[in-house]
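Remarks on the structure that follows.
The values are calculated or read from the model by the stated rules, or taken from the named source; none is laboratory data. Because the structure is a prediction, the values reported are computed rather than measured. Heads up, the Cβs are rebuilt from the backbone with ideal geometry, glycines too, and the neighbour counts pull from every protein chain shown. Protein only, heavy atoms only, side chains kept; ligands, DNA and RNA dropped before computing areas. Shrake-Rupley method; radii C 1.70, N 1.55, O 1.52, S 1.80 Å.
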Amino acid sequence: MTLLSKIRVGLLSTLILSTTFTALPAQAEPTPHTVTPSITEADIVTFDANGTLWAYSSDARIPDDPLSRRQVGSGWTVMRDLKTADWNQDGIQDIVAVGKNGNLYVYYGAPAGGFTRTTIGTGWGSYDISVVRWKVTDAYPSIIAVNSETGALYNYPNLSGSVLSPRVVEGSGWGSITHHVTDWDGDADADILGQHSGTGNMILYRTNGNGNFIDEPRIVVGRGWNVMNMVESSSMLEYPGLMARTDDGNLYLYQIREGRWLRVHIGTGWNGYTLAF
């Protein structure tokens, strides 16, 4: 080896021995975005006489299981009716509400809590509404509404998760019938349970999943419902059914299990609350 080569090797060895290698820190994982919406699909959402909006959480499989509640809004006495649904299918529950001024609103739920309100209609003062997937092909929930003055039953499609499309007439003579949209027979097609004000009977109106009623004899699936001062559709615990309140303030969940009712007592003291389902 030449003298020049020996010098080069010596310099390289010295460089390696005198160099300290410091490991770089691992790339930090991004912090997951916290999803804490104001309401969930399993909540009982209601406002009281002061207009405070509450979300109640409970395991309704356990009779008289204590409810835990959290305040999620205020000033709701200006509303006449409200329903919960994922209106734009973003995985966060929203509220569809009819104001006492006749306006129809959507309160879009935010992932971190709170709502953003938009007006999607006017002139709804005489309408009673349900918010459901009316057809099996619907990508978004739509509105089933009865005009209490004319008795007409309408479907207002929601084709984009925002505004309503032109309505479709679904029936007539519903002025004395309170409609509850649910799935009575478990075929995944929307049905209507019609609560007749005169008799208190609950009559089954099945559909074919395409927005049309099945032409068949109407059967009575419940009696004595006029003892309730509030009845709303509910899907708590992933079972369809009805939430009902008696005059003494008892709240019950009537789940539909294979064409039969299973009643669960939710709690007492519920008079004075407007519930959303």
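In plain terms, the chain from Glu238 to Arg117 could stretch by 40.8 nm, reckoned as 0.36 nm per residue minus the Cα-Cα distance. Using unit Cβ charges (K, R positive; D, E negative) and no other charged atoms, how large, in debye to the nearest 20, is the dipole of the stretch 128-210 about its Cα centre? Dipole about the Cα centre, nearest 20: 180 debye. Each Lys or Arg adds one and each Asp or Glu takes one away; over the other residues whose Cβ falls under 13 Å from the Cβ of Thr52, this sums to +1. Measuring r between the beta carbons of Thr77 and Arg223 and using R0 = 30 Å, the FRET efficiency lands at 0.30.
Residue ranges 209-216, 121-128, 96-103, 37-44 sort as 37-44, 96-103, 121-128, 209-216 when ordered by packing (mean number of other C-beta atoms within 10 Å per residue, highest first).
On the stretch 138-277, 47 percent of the accessible area sits on carbon and sulfur atoms, based on a 1.4 Å probe.
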